[in-house]
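Working notes for the structure below.
The numbers here are math on the coordinates, done by the rules we state, and not lab data. All of these numbers come straight from a predicted model, not from anything done at the bench. All Cβ positions, even for glycine, are placed from backbone atoms using ideal geometry, and neighbour counts span all protein chains on display.
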Amino acid sequence: MTLAEARAVNERVLELDLFIPITPKGQGRPRFDPRSRRAYTDKVTRAYIGAVRTAAELQWGDREPLQGPVALSVLAFFALPVSARGKPRTHHVQRPDSSNILKAAEDALLPLVIKRETVWAGVICDDAQVIDARVSKQWSLCAAAISIQVWSIV
């Protein structure tokens, strides 16, 4: 296979480009309810994923979900505390961690099913479609935000 053929196989098409002014959160650990004996997601995580899903749904519209391999890029911007301004900035090495930010973003792009009925088809069908994922955490002088880009790979 030549280099040109390899590039043609891995051609990427930008399908979704979101920028949401919201404080990035990570996917929370599943909680367990001893009474019902079921695992559930905490309210903070559900609210965050719901907000990201709503923004994705507004931009995606009623398009069909992507089939096949996709690439995902997530940039998480955290507001720099006022006390740290003017000092040399370091990397954002605090919670939430990158893998949980990615998982929350993936979950927001999946179909929304309520009581076994699909309410929104989603951007992707399954998070197993993501074959290339990149996450970056950065400080921001302005405000907290998250940027999510989804590419289909042809």
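Which one of 35, 95, 116 has the biggest mean-square fluctuation once the chain is modelled by GNM with Cα springs under 10 Å? Largest GNM mean-square fluctuation: 35. Among 93, 113, 82, which one moves the most in a GNM of the chain with springs linking Cα atoms closer than 10 Å? Of 93, 113, 82, the Gaussian network model singles out 82 as fluctuating most.
A simple charge model with +1 on the Cβ of Lys and Arg, -1 on the Cβ of Asp and Glu and nothing else charged puts the dipole of region 67-151 at about 520 debye relative to its Cα centre. Where both bridge residues fall in the chain, DSSP classifies roughly 65% of the beta bridges as antiparallel. Among 32, 77, 19, sorting on how many other beta-carbon atoms sit within 10 Å of each Cβ, with the fewest leading, yields 32, 19, 77. In the chain, the DSSP-assigned H stretches of four residues or longer account for a calculated mean residue ellipticity at 222 nm of -7500 deg cm²/dmol, using -39500 (n - 2.57) per stretch and the full residue count as denominator.
Label reach from residue 147 (point 7 Å along Cα→C-beta): in region 99-130, amide nitrogens under 18 Å belong to 101-102, 105-106.
Per the Cα gyration tensor, the chain maps to an equivalent ellipsoid with semi-axes of 27, 25, 14 Å, ordered largest to smallest. As a calculated quantity, the FRET efficiency between residue 154 and residue 115 at R0 = 41 Å, using C-beta atoms, amounts to about 0.70. Put a dot 7 Å past the Cα of residue 127, heading toward its Cβ, do the same for residue 35, and the two dots end up 2.8 nm apart.
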